[in-house]
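Structure first, then comments.
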Amino acid sequence: MKEEHYFIDTHCHLDFDRIGDLNDVLSQSNAENVRQFVVPSVNADNWQRVLELSKVHTAIYAALGVHPYFLSDDNQLNELGKLATAQRDNIVAIGEIGLDGALDISLETQLSVLKPQLKLAKELALPVICHGHKAYDALLKQLRIYQLPRGGVIHAFAGSLQQATAFIDLGFYIGVGGSITYPRGHKLRSVIEQLPHDRLLLETDSPDMPLHGFQGQVNFPHRIPLIAQILADTLDMSVTQVAYLTSKNAKSLFNLPNADSPQS
């Protein structure tokens, strides 16, 4: 396999206990030519763990942030600012951050956590990894206000063509994951088919968001090629082309180096 034809999982929580033995996960991933991994954190409880993973495993790249699912009484946003600034050269994004319209947490509360993180990303000139489930328009409003110089990615995108285009116009990429593997994903596939190819990324959200046929199971990065196959069919290109395209996009957004030889 040529060096440039490998996959990058741009969103996987490899620090979560449910993922199992990390060395096994990385070995299985390498066997399927998934060679680099962006691991977002979710709150202060796992910032250090994610950073440590990225320092031990050269294929893993860390992001620091507070996810709307994991808000607490003290989100330690000042500490996040200090840590992200100190680790600026060891992280590739601020994330996972965002808004979720399905949570029983007020939008006002979510915005109070999101806004300082967008400000931090702008100050550090880092991209953001954004969650926007059922809150794309509210998220768009904030991104238009902050005008991030490095943009970011809308993780697990499931919105309309108009919304996707609006995000792309703001310098964002669209995360393509297991949702496109389901028969009911035809509307999403239709949207993705109409987007610029240079704005698409592959992701699993492991250990969550299992693919069609794996419902109820732990998800893993080594299933990226299955997502890539559906994306290839959708875009009428080869899986090799999808690997090259999406990895090029990921390296551009996150400023990643070329992958080393398969590693653990």
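The values are calculated or read from the model by the stated rules, or taken from the named source; none is laboratory data. These numbers come from a predicted model, not from an experiment. Please note: Cβ atoms are built from the backbone with ideal geometry, for glycine as well, and neighbour counts cover all protein chains shown.
Return the only residue of Ala156, Ala228 being small (Gly, Ala, Ser), touching a Ser or Thr at 6+ places or on another chain (Cβ under 9 Å) and over 20 Å from Gly132 (Cα atoms).
Values: Ala156 fails: over 20 Å from Gly132 (Cα atoms).
Result: Ala228 is the single residue among Ala156, Ala228 that is small (Gly, Ala, Ser), touching a Ser or Thr at 6+ places or on another chain (Cβ under 9 Å) and over 20 Å from Gly132 (Cα atoms).
On inspection, Asn46 fails the criterion of being at pLDDT 95 or above, part of a helix (DSSP H, G or I) and loosely packed, with under 13 Cβ neighbours inside 10 Å. Among all residues of segment 118-131, there is at least one that is touching an Asp or Glu at 6+ places or on another chain (Cβ under 7 Å) and surrounded by 21 or more Cβ atoms within 10 Å (Cβ to Cβ). Among the conditions (1) in contact with a Gly (Cβ under 7 Å, 6 or more places away or on another chain); (2) closer than 14 Å to Ile230 by Cβ, the only one that Leu200 does not satisfy is (1). Selection of segment 183-212 for residues being in a helix (DSSP H, G or I) and among the hydrophobic types (A, V, I, L, M, F, W, C) yields Leu188, Val191, Ile192. Considering (1) in contact with a His (Cβ under 7 Å, 6 or more places away or on another chain); (2) not in a strand (DSSP E or B), the lone condition that Glu96 does not fulfil carries the number (2).
Taking segment 70-91, which residues are of a type outside the set (A, V, I, L, M, F, W, C) and either exposed (fewer than 15 other Cβ atoms within 10 Å of the Cβ) or closer than 26 Å to Leu256 by Cα (or both)? Passing the criteria: Ser72, Asp73, Asp74, Asn78, Glu79, Gly81, Lys82, Thr85, Gln87, Arg88, Asp89, Asn90.
Selection of first residues in segment 19-37 that are aromatic (Phe, Trp, Tyr) and of second residues that are in a helix (DSSP H, G or I) and crowded, with 19+ Cβ neighbours inside 10 Å, restricted to Cβ pairs under 7 Å at least 6 apart or on distinct chains, gives the following pairs, ordered by first then second residue: Phe37/Pro221.
Between Leu118, Leu114, the distinction of being in contact with a Phe, Trp or Tyr (Cβ under 6 Å, 6 or more places away or on another chain) and modelled with pLDDT of 95 or more belongs to Leu118 only. Against the test of being at pLDDT 95 or above, farther than 29 Å from Leu245 by Cβ, among the charged types (D, E, K, R) and surrounded by 15 or more Cβ atoms within 10 Å (Cβ to Cβ), the options Asp21, Asp9, Asp15, Asp100 yield a single qualifying residue, Asp100. With (1) outside any helix (DSSP H, G or I); (2) free of Cβ contacts under 8 Å to residues at least 24 places away in the same chain; (3) within 24 Å of Pro221 (Cα to Cα) as the list, and Cys130 as the residue in question, which single condition is left unmet? Looking at each condition in turn, Cys130 falls short on (2).
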